[in-house]
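Here, each number is a calculation from the coordinates, and none is a lab measurement. Treat the numbers as computed from the prediction; the structure is a model and nothing was measured. So basically every Cβ, Gly included, is an ideal-geometry build from the backbone, and we count neighbours across all protein chains shown.
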Amino acid sequence: MKLLMIYCEKFHYTPTIKTLENFPDFADEVIRKNVLTAFIQMEKEDEDNLKYVETKLVKNLKWAAKKNQTKHIILHSFAHLSESKASPKITKQLFDAAEKRLQSTGYETEQTPFGYFLDLEVKAPGKSSARIFKSF
C-alpha cells in the first residue's frame, strides 16, 4: 500500500476520461474545502492482507486528519505511486470498507469517482503535516 495524504484548503475535481467500464458513470464537478485527500494505491501483494491493510489505512487517515484538524476525508484511487497494482474490484472493496469504518467513528468521507482520470485542482498549505507519505 502506498498512501499520499494531502491536507487541502481546496480540493476540486472534474471527471474527464472513464478508464473502467464496470463502474458507475459520473460527470459532476466537485469542490471541497478543508479536507484530507488520500491518494491511495493498493498493491497486488495487499490483496492477501486486506484486513491488515484496511486497519493501517484507517489508522493513518485518522492520524493525519487529526494533525490537520479536519473530520472530512476524501479517498482517491491513485495508481501512480508504485508499479504493483491490485485489481480494481478488490481496491474498491477496500475503499468501501475503510469509508464505512471512518464514518462509524464520526468522520465525513467520500470517494472520488472510481475508474476515472480527473482534472484536479489542489490548494495545500505549506506546512509539513499537510503532506504525508506512508508505505506499508
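Can you list the HN-Hα couplings for region 40-47, worked out from phi with the Karplus curve (6.51, -1.76, 1.60; θ = phi - 60°), rounded to whole Hz and with x for Gly and Pro?
For region 40-47, the Karplus-derived couplings read 10, 10, 7, 9, 3, 5, 6, 4 Hz, x marking Gly and Pro.
Taking the Cα centre as origin and putting +1 on Lys and Arg beta-carbons and -1 on Asp and Glu beta-carbons, what dipole magnitude results for region 77-136, to the nearest 20 debye?
240 debye
Around V122, under 13 Å between beta carbons, what's the net of Lys plus Arg minus Asp minus Glu among the other residues?
Combined, the nearby Lys, Arg, Asp and Glu give +2.
Applying the Karplus parametrisation 6.51 cos²θ - 1.76 cosθ + 1.60 with θ = phi - 60° to the phi angles of region 59-64, what ³J(HN,Hα) value in whole Hz is obtained for each residue in order, glycine and proline being reported as x?
Working through the residues one at a time gives 4, 5, 5, 4, 4, 5 Hz.
May I have the convex hull volume per residue, in Å³, for the Cα set of the chain?
Per-residue hull volume (Cα only) is 100 Å³.
Among K2/K100; K56/K89; K89/K127; K2/K127; K18/K67; K18/K85, which pairs are too far apart, with a Cα-Cα distance over 29 Å?
Over 29 Å Cα-Cα: K89/K127; K18/K67.
Considering amide H positions built from the backbone, and no H for Pro or chain starts, which residues 5 or more places from A124, or on another chain, come under 5 Å of its amide H?
Those qualifying (amide H under 5 Å, at least 5 residues apart or on another chain) are E9.
When the Karplus curve 6.51 cos²θ - 1.76 cosθ + 1.60 is applied with θ = phi - 60°, which whole-Hz ³J(HN,Hα) does each residue of region 101-107 get, with x for Gly and Pro?
With coefficients 6.51, -1.76 and 1.60, one gets 5, 5, 5, 5, 10, x, 8 Hz.
May I ask what percent, to the nearest 5, of DSSP beta bridges between residues of the chain are antiparallel?
75 percent
Dipole size in debye (nearest 20) for the chain around its Cα centre, Lys and Arg Cβ +1, Asp and Glu Cβ -1?
780 debye
Under 10 Å, Cα contacts only: if you run a Gaussian network model on the chain, which one of K123, K71, K89 comes out with the highest mean-square fluctuation?
Ranking K123, K71, K89 by mean-square fluctuation puts K89 first.
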